[in-house]
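Everything on this sheet refers to the single structure shown next.
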Amino acid sequence: MDLQYLMIKYIDLHLKMRDGMKLRGYFANKYKDLEVFHNHDNNKEETKNKKFHFRYPTVQFKVIDSNPVIVAINEGANTLKDVVLYEDTIKIDDKDYSVQRAELSSKSVNFGISKEIRTYEFKTPWMSLNQNNYPDYLALDDIDKEEKLKSVLIGNILSMSKSIGYKVDEKIKVSVDLKPIELNFKDIKMKGFKGTFKTNFDIPDYLGLGKSVSRGLGSIVKIK
């Protein structure tokens, strides 16, 4: 399956990884009428908040190796191209950052089952478990821990595929080499994982897997 893909990297700006959430907040507030930036339904209102779309975000914000990155696919890529390319200032924590140079990649990319095994690295922590099931994970032996992570990762790929509209008609194979790390998410200490995994599936660079991908978590790059 071919996806329309757009990636913008602000190579002159240097932020912290946690600022990915603030980057998303800046654009979501500035472009409130564009659903792809905030994943809320502009046509339906509940008592207090806009209704949230539980779907894979087509626009994702993240900080990779200190550089702000926005990556988008399909309708998100088309929207992003129309508005964000003209940004000359980005505000984070009430500080204005002047945009001098931006690296742009716009192309059609492959997504789906691959005949070759691909190796990916998590550039930002993969949040695969939550506070409730992490203790259960710790109680497992090493073999079962690995199987658990492989199962969750396959589930993430299947969920992403379904949301994008890609039918997985072959078995997804996965192997992992991951280590647990601690991270602060919305001022709550959570467990995440960093490392690499291999799979027979093509996923474009900088897209996210797992929880909170729109805020920059679970971002991957292909290393071979």
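Please compute the modelled spin-label separation between Arg55 and Asp94, points set 7 Å along Cα→Cβ, answer in nm with one decimal.
3.7
Just check the stretch 154-224 against the gyration tensor rule for me: Cα atoms, a ≥ b ≥ c as the square roots of the eigenvalues, rounded for a/c under 1.5, and otherwise prolate or oblate depending on whether a/b exceeds b/c. Don't jump to the answer; show the numbers that get you there.
Details: a/c = 2.10, a/b = 1.51, b/c = 1.39.
Verdict is prolate for the stretch 154-224.
Set the bar at 23 Å for Cα to Cα. Now go through Lys32/Lys191; Lys62/Lys194; Lys22/Lys81; Lys62/Lys115; Lys16/Lys148 and name every pair that lies beyond it. Show your work: numbers first, answer last.
Working: Lys32/Lys191 32 Å; Lys62/Lys194 16 Å; Lys22/Lys81 20 Å; Lys62/Lys115 30 Å; Lys16/Lys148 30 Å.
From the list (Lys32/Lys191; Lys62/Lys194; Lys22/Lys81; Lys62/Lys115; Lys16/Lys148), the Cα-Cα distance tops 23 Å for Lys32/Lys191; Lys62/Lys115; Lys16/Lys148.
R0 = 35 Å: FRET efficiency of Asn29 with Glu170, Cβ-based, nearest 0.05? Kindly include the intermediate steps, with their values, before the conclusion.
Numbers: r = 42 Å, r/R0 = 1.19.
The pair Asn29/Glu170 has a calculated efficiency of 0.25.
Accessible area per residue of the stretch 154-207 at 1.4 Å probe, in Å²? Mind dumping the intermediate values first?
Values: 3060 Å² over 54 residues.
In whole numbers, the stretch 154-207 has 57 Å² accessible per residue.
Under a Cβ-only charge scheme (Lys and Arg +1, Asp and Glu -1), can you give me the dipole magnitude of the chain about the Cα centre, in debye to the nearest 20? Walk me through the intermediate numbers first.
Working: 38 positive and 32 negative charges, 34 e Å.
For the chain, the charge dipole is close to 160 debye.
Using only Cα atoms, locate the centre of the stretch 63-78 and the centre of the stretch 109-170, then give the distance between them in Å, rounded to an integer.
21
Quick check on the stretch 67-156: what does the Kirkwood estimate of hydrodynamic radius come out to from the alpha carbon pairs, in Å? Write down the numbers at each step before the final one.
Working: mean 1/r = 0.0570 Å⁻¹.
By the Kirkwood definition, the hydrodynamic radius is 17.5 Å.
What is the pair-distance distribution P(r) of the stretch 103-224, computed from all Cα-Cα distances in 5 Å bins starting at 0, with each bin given as a whole percent?
Reading upward from the zero bin: 2, 10, 21, 24, 20, 13, 7, 2, 1.
Give the carbon-plus-sulfur fraction of the accessible surface of the chain in %, rounded to a whole number; probe 1.4 Å, heavy atoms of protein chains only. Don't skip to the end; give the middle numbers.
Working: 5540 of 12230 Å².
Of all accessible area on the chain, carbon and sulfur atoms account for 45 percent.
Please name whichever of Ser212, Ser151, His14 sits farthest to the positive end of the charge dipole of the chain, dipole taken about the Cα centre and charges placed at Cβ: Lys and Arg +1, Asp and Glu -1.
Ser151
Divide by every residue of the chain the summed helix terms, -39500 (n - 2.57) for each DSSP H run of at least 4, and state the resulting mean residue ellipticity at 222 nm, rounded to the nearest 500 deg cm²/dmol. Walk me through the intermediate numbers first.
On the way: 4 runs with 48 residues, N = 224.
-6500 deg cm²/dmol, from helical runs alone.
Which one, Met160, Met17, Met190, has the greatest fluctuation when you compute a Gaussian network model over the chain with C-alpha springs under 10 angstrom?
Of Met160, Met17, Met190, the most mobile in the Gaussian network model is Met190.
Using 0.36 nm times the number of residues separating Lys189 and Glu116, minus their current alpha carbon distance, what extension gain do you get?
Value of the extension gain: 22.6 nm.
My understanding is that a pair violates if its Cα-Cα distance is over 31 Å; which of Lys123/Lys173; Lys95/Lys162; Lys95/Lys150 do that in this structure? Working shown, then result.
On the way: Lys123/Lys173 21 Å; Lys95/Lys162 39 Å; Lys95/Lys150 41 Å.
Going by Cα-Cα distance, Lys95/Lys162; Lys95/Lys150 fall outside the 31 Å limit.
The values are calculated or read from the model by the stated rules, or taken from the named source; none is laboratory data. Note that the coordinates shown come from a computational prediction; the quantities given were computed from them, not determined experimentally. Reconstructed Cβ throughout: ideal geometry from the backbone, glycine too, with neighbour counts over all protein chains shown. All accessible areas refer to the heavy atoms of the entire protein, side chains included, with ligands and DNA or RNA removed. Shrake-Rupley method; radii C 1.70, N 1.55, O 1.52, S 1.80 Å.
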